[in-house]
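Colleague: Shown below is the structure under consideration.
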Amino acid sequence: MKKTLLVALLAGMMCFAGAKSYTLTISTPAKIGNAVLKPGEYKMSVAADSVKFMNLDSGKAIEIPAKFEKSEKPFEMTQMSGKTVDGVNKVDEIDLGGTTTRVAFQ
């Protein structure tokens, strides 16, 4: 059963070197792909077949393979969806607010 994770997202969308990027705040540890992101503020950059998350406090970045899907209607807000597996919040997808793009993770 999917549920929306308790994650606060900021709608700071901007164009950056041809790639779209978003600023978001993760309030609880979140597993995305094979990586676990600690709570904090991140810049998420979208590339052709991956997403890069850079922690704005530490400057550390990780690139995670992703699949991009289109919805029929634009998403009203940016939000992460997933489920809790063995006590860990696992992010399955991120809907990008103001766009028709859904980012899916393995």
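Colleague: Filter the range 1-26 down to the residues that are under 14 Å from residue 78 (Cβ atoms) and in a loop (DSSP other than H, G, I, E, B), then identify the one that is modelled with the highest pLDDT.
Modeller: 5
Colleague: I'd like to check which strands (runs of 3 or more DSSP E) are fully inside the range 34-106 and have at least 2 residues that are modelled with pLDDT of 95 or more and closer than 14 Å to residue 23 by Cβ.
Modeller: Per the criteria, 40-46, 50-55.
Colleague: Going by the structure shown, is residue 78 surrounded by 14 or more Cβ atoms within 10 Å (Cβ to Cβ), in contact with a strand residue (DSSP E or B) (Cβ under 7 Å, 6 or more places away or on another chain) and either among the basic types (Lys, Arg) or more than 15 Å from residue 106 (Cβ to Cβ) (or both)?
Modeller: yes
The values are calculated or read from the model by the stated rules, or taken from the named source; none is laboratory data. Only a predicted model underlies this, so the values are computations on that prediction, with no experimental measurement involved. All Cβ positions, glycine included, derive from the backbone under ideal geometry; neighbour counts span all protein chains shown.
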